[in-house]
1. Search segment 147-191 for residues being among the acidic types (Asp, Glu) and closer than 14 Å to Pro98 by Cβ, and hand back the single one that is farthest from the chain's Cα centre (by Cα).
2. Any idea which of (1) in contact (Cβ under 8 Å) with a residue 24 or more places away in the chain; (2) within 22 Å of Ala77 (Cβ to Cβ) is the one Val373 doesn't satisfy?
3. Show me the helices (runs of 4 or more DSSP H) found entirely inside segment 310-416 where at least 1 residues are in contact with a Ser or Thr (Cβ under 8 Å, 6 or more places away or on another chain) and among the β-branched types (Val, Ile, Thr).
4. Which count do you get for residues in segment 188-219 that are touching a Lys or Arg at 6+ places or on another chain (Cβ under 7 Å) and over 30 Å from Val156 (Cα atoms)?
5. Which residues, counting only those in segment 57-101, are over 18 Å from the mean Cα position of the chain (by Cα), crowded, with 20+ Cβ neighbours inside 10 Å, outside the structural domain of Ile251 (by TED's automatic domain parsing) and closer than 14 Å to Leu335 by Cα?
6. Mind counting the residues in segment 216-262 that are of a type in the set (Val, Ile, Thr), assigned to a helix (DSSP H, G or I) and either touching a Cys at 6+ places or on another chain (Cβ under 8 Å) or without any contact (Cβ under 8 Å) to a residue 40 or more places away in the chain (or both)?
7. Within the set of pairs 6+ apart or on separate chains, which have a first residue in segment 131-144 that is on the phi > 0 side of the Ramachandran plot and assigned by TED's automatic domain parsing to the domain that holds Met180, a second that is surrounded by 14 or more Cβ atoms within 10 Å (Cβ to Cβ) and assigned to a helix (DSSP H, G or I), and C-beta atoms under 7 Å apart?
8. So Ala181 clears everything in (1) buried (at least 21 other Cβ atoms within 10 Å of the Cβ); (2) closer than 30 Å to Cys323 by Cβ except one condition, right? Which one?
Amino acid sequence: MPPEERLKIVQEFADLTDDEAATVFNSGGVPLDTIDRMIENVVGTFELPLGIATNFQINGKDYLVPLAVEEPSVVAAASNSARQTRDRGGFQCSASEPVMIGQIQLTGVPDPSGARLRILHHRQEILDLANEQDPVLVRFGGGARDIDVRVVNSHVGDFVVTHLLVDTRDAMGANAVNTMAEAVAPYIEELTGGKVFLRILSNLAVHRTVRGRAIFSKEAMGGEHIVDGIIMAYALAASDPYRCATHNKGIMNGISSVVRSTGNDTRAVEAGAHAFAARTGSYLPLTTYEKNADGDLVGTIELPMPVGLIGGATKTHPVAKACIKILGVDNAQELGMIIAAVGLAQNHAALKALATVGIQKGHMKLHARNVAVAAFESLGVEEDPALIDEVKEELVKGGKIRVDKAEEILKRIKGL
């Protein structure tokens, strides 16, 4: 069915009003036929605000960074944090080669250690077979680079798991890696006499990492006591998984927003980041914080970054393409370094707030407009931008940013 007919079925099923159906069907700035090619059963789009984070200087270059996110304070916090690094040289970032892992799970071999060595003995044949699947990738300098083979113990027996290491260049690379893994699986069965089941990319991209470092000057932050407070907050995250989960979520507030704005796969990046945080057997922060000899705060970040500039929504979604142009990046590694810097900045901003006034003061001030709008909706009052701002300002002035308070203010103003 075309999208219009699908929407009619949904409207009838859910008893949507004509206005509600029209809101769902709105495709914003993206042509409907483009959206209809991206996923199945399209009936419209779900739009998010797109903000620009400022003040980012990375490896000596200035960037404007697009963030697609619904949460207030993320863009402002990252921008403010980046400003506090500029008098110490901004962010220094690096990236490994863009190597992804394809896993081939072999079962049913009586001698798993012997099978492992047979596979390794035929390493070059496996690589050649993999590279035959994507001559274009090979021509651009990528392709299968190496293999690694492990014996994995499970409750149903031992598996021999081959890791096919593939340089995917400026692509995220899932399709290329999966195709190669599927192609070499029958040969691995032939070598070992076993049976292959899974043949798929791993999102724990430990060979495709980005790293970032920044010095946040104590003067820009408001004093050395704030440096000490941030280190104390970090120490809890490094010692307690309950705090660490929220610590890393704050990092992903920035990272996922840039990944989303560029049409990359947020779920792949998030899965890899959290798995990387737990790779030692304990769930740990993706960032570190220390105080240098001058009393300034030194922050670092390291995590997998499987993002690309070609393929998927990055090349089909017009807003994603525009965001790539705003960033002015030349390759996927540069994009990954920018994303890492934003993650570090966002995390630093959250820790600074926690160590000083608390996370809610700044966040709720920015959230006040949403609360004001909710009051209009709950009271059935037609939205008026000027009146919304008036309610918002009174909420902020009163310091209690809640819907019930917004309703009280709106009733008083409107004489309800």
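The values are calculated or read from the model by the stated rules, or taken from the named source; none is laboratory data. Being a predicted model, the structure only gives us computed values, none of them experimental. Heads up, the Cβs are rebuilt from the backbone with ideal geometry, glycines too, and the neighbour counts pull from every protein chain shown.
1. Kept after step one, since they are among the acidic types (Asp, Glu), are these residues of segment 147-191: 148, 158, 167, 170, 182, 189-190.
Filter once more, keeping what is closer than 14 Å to Pro98 by Cβ: 167, 170.
On the way: Asp167: 21, Asp170: 17 Å.
Looking at the filtered set, the residue picked out is Asp167.
2. (1)
3. Values: elements: 313-316, 318-327, 332-355, 359-379, 385-398, 403-414.
It comes to 313-316, 318-327, 332-355, 403-414.
4. Quick first cut of segment 188-219, residues touching a Lys or Arg at 6+ places or on another chain (Cβ under 7 Å) only: 189, 191-192, 215, 217.
After this cut, where a residue has to be over 30 Å from Val156 (Cα atoms) as well, the list is 215, 217.
Within segment 188-219, residues that are touching a Lys or Arg at 6+ places or on another chain (Cβ under 7 Å) and over 30 Å from Val156 (Cα atoms) number 2.
5. If the condition is that a residue be over 18 Å from the mean Cα position of the chain (by Cα), crowded, with 20+ Cβ neighbours inside 10 Å, outside the structural domain of Ile251 (by TED's automatic domain parsing) and closer than 14 Å to Leu335 by Cα, then Phe91 is the only one that fits.
6. First, pick out the residues of segment 216-262 that are of a type in the set (Val, Ile, Thr): 226-227, 230-231, 246, 251, 255, 258-259, 262.
Now drop any that are not assigned to a helix (DSSP H, G or I), which leaves 226-227, 230-231, 246, 251, 255, 258-259.
Checking the rest, the ones that are also either touching a Cys at 6+ places or on another chain (Cβ under 8 Å) or without any contact (Cβ under 8 Å) to a residue 40 or more places away in the chain (or both) come to 246.
Counting residues in segment 216-262 that are of a type in the set (Val, Ile, Thr), assigned to a helix (DSSP H, G or I) and either touching a Cys at 6+ places or on another chain (Cβ under 8 Å) or without any contact (Cβ under 8 Å) to a residue 40 or more places away in the chain (or both) gives 1.
7. If the second residue must be surrounded by 14 or more Cβ atoms within 10 Å (Cβ to Cβ) and assigned to a helix (DSSP H, G or I), the pairs left are Gly143/Asn131; Gly143/Leu137.
8. Of the numbered conditions (1) buried (at least 21 other Cβ atoms within 10 Å of the Cβ); (2) closer than 30 Å to Cys323 by Cβ, the odd one out for Ala181 is (2).
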